[in-house]
Amino acid sequence: MTYVPGNAAEGYCATCDEDTLHTVLEIEGLQIRRARCSKCSTEGPFRVSRAKARAGLMAYVGKRATIPPPPRRQRKKAEDPAQIYRRMMEGKKISEARTYKISMALSEGDILRHPRFGVGIVSALTGPQKAVVVFEDGPKNLVFGR
Ligand SMILES: [Zn+2]
């Protein structure tokens, strides 16, 4: 994925001590240099999210060693809704979020700002006037175009 300043990217914030959505401020080559945390507004050097660092480490370990297969009955852990949200918001412009109004038109991929749920992204249209919008707390069904 290529980034441009203003785009959202998942990164680790030392102030929040967690993975948060960041607004890209500076790019060097294909790397993000500086970013602003969307949660606490701290600006600083961009750090790869813990989730990605972990995934990268697993890929590395996978090449060098054999990991025993998980027990058969172990169920896949449900993914954290905030993580799904951050992944969907990757590369999107938060500044382009439109304020949610019931009368607005929506299409897939639109970014909106909801007074209660915050910034969300339309993941699917489920009817002529219904959309699933993914927020940090999880997906919500919103009506629009009324
Ligand atoms: Zn932060």
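The values are calculated or read from the model by the stated rules, or taken from the named source; none is laboratory data. As the structure is a prediction and not an experimental result, all values here were calculated from the model. Reconstructed Cβ throughout: ideal geometry from the backbone, glycine too, with neighbour counts over all protein chains shown.
What the table below lists for this structure:
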{"read-out": "Residue 143 vs. criteria at pLDDT 95 or above and either acidic (Asp, Glu) or surrounded by 15 or more Cβ atoms within 10 Å (Cβ to Cβ) (or both)", "value": "no"}
{"read-out": "Qualifying positions in region 16-30 - farther than 22 Å from residue 96 by Cβ and under 18 Å from the mean Cα position of the chain (by Cα)", "value": "16, 17, 18, 19"}
{"read-out": "Unique match (being within 13 Å of residue 89 (Cα to Cα), free of Cβ contacts under 8 Å to residues at least 24 places away in the same chain and surrounded by fewer than 13 Cβ atoms within 10 Å (Cβ to Cβ)) among 109, 127", "value": "109"}
{"read-out": "Boolean, residue 91 is modelled with pLDDT of 90 or more, surrounded by 13 or more Cβ atoms within 10 Å (Cβ to Cβ), within 29 Å of residue 3 (Cα to Cα) and touching a Phe, Trp or Tyr at 6+ places or on another chain (Cβ under 6 Å)", "value": "no"}
{"read-out": "Filtered residue count, region 82-124, keeping only those that are within 13 Å of residue 136 (Cα to Cα) and basic (Lys, Arg)", "value": "4"}
{"read-out": "Considering residues of region 1-53 that are in a helix (DSSP H, G or I) and either at positive phi or basic (Lys, Arg) (or both) only, the residue nearest to the ligand (Cβ to nearest atom)", "value": "50"}
{"read-out": "Subset of region 7-50 [free of Cβ contacts under 8 Å to residues at least 24 places away in the same chain, surrounded by 15 or more Cβ atoms within 10 Å (Cβ to Cβ) and of a type in the set (Lys, Arg)]", "value": "34, 36"}
{"read-out": "Failed item, numbered, when residue 63 is tested on (1) at pLDDT 95 or above; (2) in the same structural domain as residue 38 (by TED's automatic domain parsing)", "value": "(1)"}
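This table checks each residue for (1) under 23 Å from residue 50 (Cβ atoms); (2) modelled with pLDDT under 95.
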| site | (1), (2) |
| --- | --- |
| 75 | yes, yes |
| 87 | yes, yes |
| 96 | no, yes |
| 106 | no, no |
| 112 | no, no |
| 134 | yes, no |
